[in-house]
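Data block below; observations after.
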Amino acid sequence: MRHLAGHERRGRRRALRHPARRAQRRERPETPIRDIVANTEIFRRVLDRNQLGGKCGRCRYKFTCGGCRAMALFASGDYMGEDPQCFFEPVDETTVCEHEAETGRVFERYALMARYAGGGI
Ligand code: SF4
């Protein structure tokens, strides 16, 4: 058996304590996550980007971004409202952000990286 140095043993113990590792060791829940998402009103609404309100609702990027629903809830009490953190101020779905081309290039690189990393995009 290979001898492990002290820092290697500590690192291995920490990795086993990591929440993701603990979650992997637990048994699967009786109801699959996809069923919970599909049958819960709040998840159904959040996933339906046509129901977004405020500037997120009129934004051309609502299907790729959609804003943060937690911040919308925090700011207005409506989790389907607009994301108050966003700098973009769309008039309607034809308003183009000055960073659209750059974001597209970054996303292409991300998609390429995810494909080779096994992300399935
Ligand atoms: S870019 Fe801004 S306005 Fe558009 S969906 Fe995202 S958070 Fe909302």
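Any read-out appearing in this document is the output of simple, stated calculations on the displayed coordinates, not a laboratory observation. Here the structure is a predicted model, which is why all the values come from computation and not from measurement. Cβ: placed from backbone, ideal geometry, glycine included. Neighbour counts: every protein chain shown.
Of note:
- The stretch 77-121: chymotrypsin sites (Phe, Trp or Tyr not before Pro) falling in loop per DSSP and having at most 15 other Cβ within 10 Å: Phe87
- Under the criterion of Cα pairs below 8 Å and six or more residues apart, the relative contact order for the stretch 30-116 equals 23 percent.
- Classification of the stretch 30-116 by its C-alpha gyration tensor yields an oblate form. The axis ratio a/c (a ≥ b ≥ c) is 1.5 or more, and b/c is at least a/b.
- Shape of the stretch 42-93, Cα gyration tensor, a/c cut at 1.5: oblate
- Estimated FRET transfer efficiency when R0 is 22 angstrom, pair Ala111-Phe74 (beta carbons, to 0.05): 0.10
- Filtered GluC sites (Glu not before Pro), the stretch 48-121: DSSP coil and at most 12 other beta carbons within 10 Å: Glu93, Glu98
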